[in-house]
Amino acid sequence: MTTTIYKKVKGQTSLLFVLCSFLFSVALTSCSDFLEIKQMNEIILEDFWNEKSDVENVVTGCYADLLEDGIRERMMVWGEGRSDNVAGGRDITNQLNLYNVLRENITAMNSYTKWESFYAIINRCNTVMKYAPKLSTVDPSFTQADLKATIAEMTALRSLCYFYLIRTFRDVPFSRVAYTDDDQKMDLPATPFYDVLDSLIYDLESVKGDAVTRYPLTEPRDQTGRITRDAIYAMLCEMYLWKQDYDNCIRYAELVIDSKKEYFTEVVNTAGSKINAKDAELMLLRTNGYPLVCLHMNGNNFGQAYKDLFVTGNSFETIFELVYSDNPSSSGQKANDAISSLYGNNTNKKGSFVATTLITEDATKESARTVYEDVNKAYDARIYTNCSSSSGYITKYATRAQDVSASSTKVSENENNTNRERSYYANGENGSKWIIYRLSDIMLLEAEALCQQMVEGSDSVAASINREKLDKAFSLVNAVNKRSICKNVLQASDTLKRSSYNSRSQMESLVERERRRELMFEGKRYYDLVRYAMRAGNTTEFASVMSKREDVNQGYVSNFFKKMDAIFWPYNYEEMRVNRNLKPNPAFGTGENESYEKTSK
């Protein structure tokens with residue numbers, strides 16, 4: 001399936017060494033001594049899968065692998081690098097692969113087209129699902145409930161990896177088989193996008209009832225740092241949206257929302273909770289009853305909301321996140337180095353990526369804004385928490401604290417003012433939690449689905465037919481928007497107006513803009529643009545957006561993105577060389593013939 005994972009290494013498959021590495025990472029016996037005794041198949045079948053702890057250690061290893069730079073960088077580069085959110089930053093011309101991504105000069109030789117780190121996790125998930133059932137016969141402590149929950153967890157992690165792959169490459173090799181020896185055929189052809197998507201939905205539907213609903217209060221990190229039923233519901237919500245099954249998208253969004261409301265009540269009623277009943281009531285009043293982190297009720301301050309979401313983590317809003325250590329060097333655990341490199345750190349606040357001027361210029365405008373809403377004036381705290389409006393440095397995830405406050409007229413930026421201080425993580429010390437899903441994301445996915453169920457037109461008949469869905473979609477968007485307004489008391493003039501959005505097209509545009517500013521730099525933007533293009537069945541709007549990027553030749557990009565193939569990434573040259581069943585994306589070529597014109601003649 002992939003070149004790097006399965007090629008021969010000193011007479012054994014490199015998969016063996018992959019297994020060794022993650023067992024070592026969870027502090028098992030010395031791999032080098034262990035592997036000198038027996039081959040991979042013998043280890044798996046005879047010596048390893050005998051105790052409940054064996055499964056737990058391998059599952060832990062799967063999560064640990066999601067923290068690695070190869071995975072994290074691709075989540076960021078695939079999700080943001082080709083979007084209109086980012087431009088080239090520090091030393092970008094010396095980082096040829098990344099520079100070519102930003103210039104839209106991607107070839108099959110680009111290192112960011114490599115996918116083996118995702119397939120490594122997929123194979124480990126498949127391996128757990130193959131061998132874990134054996135434990136129910138040899139270790140009584142590993143119950144059927146444990147087995148089902150483990151299968152659900154591994155199915156979800158495998159599905160998440162495949163979901164990243166199909167959104168990036170479209171058609172990819174798909175298998176539920178565990179590859180554990182050299183005799184198995186691994187040069188699989190690519191399975192079409194929607195066939196893989198249907199398989200992922202089928203798999204998640206099959207296991208959703210077996211997933212853990214709540215982890216114990218003694219293990220609070222597990223509630224957001226491991227797969228739960230809510231995480232599976234969130235994945236199904238988004239997958240159904242890509243499938244254009246809007247009823248099911250909305251159904252799963254509502255399941256997540258209801259669960260989060262219940263969980264929020266539990267958090268408030270927990271002894272020692274930092275949220276008292278009065279504050280909880282004020283928060284829900286501001287956010288239309290949706291439990292979004294909104295802890296700036298005492299004065300015009302937004303800093304605590306940022307910290308709870310992205311720094312401390314494990315917030316009641318978060319559904320699933322990758323958990324890094326708060327103090328990597330002292331704990332000896334993995335730091336979020338992908339953030340330090342791509343977004344910045346206290347030594348180099350300017351990372352390889354910076355925000356585009358299209359975004360930063362909004363902070364200086366009083367009207368005709370591109371990303372942020374005119375009605376919010378300059379009170380939207382995300383203008384500040386996403387990036388520096390004066391320098392373009394990306395601050396979301398790169399900072400451990402942001403004390404955003406508002407004057408009587410607007411949120412302003414002055415990095416030397418202690419009332420609005422940013423504190424960057426030290427290089428190699430970033431402990432920010434990378435969020436895969438949070439409630440505001442799911443709410444906006446539901447709003448998008450509601451828009452797709454509306455009829456076209458802006459006349460009174462269309463408005464009447466759409467009214468209920470317009471009301472619901474607006475309530476979802478408005479809740480997310482109001483949470484981000486950095487004012488203790490909101491006036492009517494500060495908030496979005498329902499009367500301004502009376503047609504499907506008006507509401508659809510609002511949802512798209514809110515998703516962009518709310519989830520900026522979280523690895524979502526490019527995938528959103530791909531989804532919009534696939535739904536439209538053309539790249540007209542997509543090409544228009546791409547032509548506005550700062551690092552590209554606008555004429556070339558406008559022409560290049562006329563082809564739907566171009567919105568996806570090419571297969572890596574080495575993958576195609578080893579797996580002859582992979583056919584190159586005609587927009588990019590094979591690595592030998594790299595242009596669309598050459599390969600399409």
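Structure summary
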| read-out | value |
| --- | --- |
| Using a Förster distance of 56 Å, the FRET efficiency for SER330-ASP245 (Cβ separation, nearest 0.05) | 0.75 |
| THR143, THR113, reordered so the largest accessible area comes first (probe 1.4 Å) | THR143, THR113 |
| Mean ellipticity per residue at 222 nm, deg cm²/dmol - from DSSP H runs of n ≥ 4 across the chain, formula -39500 (n - 2.57) | -14000 deg cm²/dmol |
| Cα-derived Rg over Rh, computed across the stretch 124-203 with Rh taken as Kirkwood radius | 1.04 |
| Percent accessible area from carbon and sulfur atoms, the chain, protein chains only, probe 1.4 Å | 49 percent |
| 0 to 90° range, to nearest 10: angle between helix 504-518 axis and the chain longest Cα axis | 70 degrees |
| For the stretch 272-383, accessible area per residue (1.4 Å probe, heavy atoms of protein chains only), Å² | 37 Å² |
| Sparse-neighbour loop sites [trypsin sites (Lys or Arg not before Pro); the stretch 232-331; at most 13 other C-beta within 10 Å; DSSP] | LYS274 |
| Ranked order, LEU96, LEU200 - accessible area, probe 1.4 Å, largest first | LEU96, LEU200 |
| Percent of Cα pairs exceeding the 49 Å cut-off, where the set is the chain | 9 percent |
| Expected-Rg normalisation [2.2 N^0.38 Å, Cα atoms] applied to the stretch 448-513 | 1.15 |
| Crossing angle, helix 116-138 versus the chain [Cα axis fit, 0-90 degrees, rounded to tens] | 60 degrees |
| The chain: antiparallel DSSP beta bridges as a percent of all, rounded to 5 | 100 percent |
| Other-chain or far-sequence residues with amide H under 5 Å of ARG400's (modelled H) | SER423, TYR424, TYR425 |
| DSSP loop GluC sites (Glu not before Pro) with at most 10 other Cβ within 10 Å excluded, longest remaining stretch of the chain | 37-365 |
| On Cα atoms only, tilt of 277-286 relative to the major axis of the chain in degrees | 80 degrees |
| Cross-link table LYS148/LYS274; LYS350/LYS524; LYS396/LYS497; LYS261/LYS433; LYS130/LYS260; LYS261/LYS524, entries beyond 26 Å C-alpha to C-alpha | LYS148/LYS274; LYS396/LYS497; LYS130/LYS260 |
| Net charge contributed by nearby residues that have their C-beta within less than 10 Å of LEU470 (K/R +1, D/E -1) | +3 |
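The values are calculated or read from the model by the stated rules, or taken from the named source; none is laboratory data. Remember, predicted model here, so these are calculated numbers, not experimental data. We place every Cβ from the backbone using ideal geometry, glycine too, and count neighbours over all the protein chains shown. Protein only, heavy atoms only, side chains kept; ligands, DNA and RNA dropped before computing areas. Shrake-Rupley method; radii C 1.70, N 1.55, O 1.52, S 1.80 Å.
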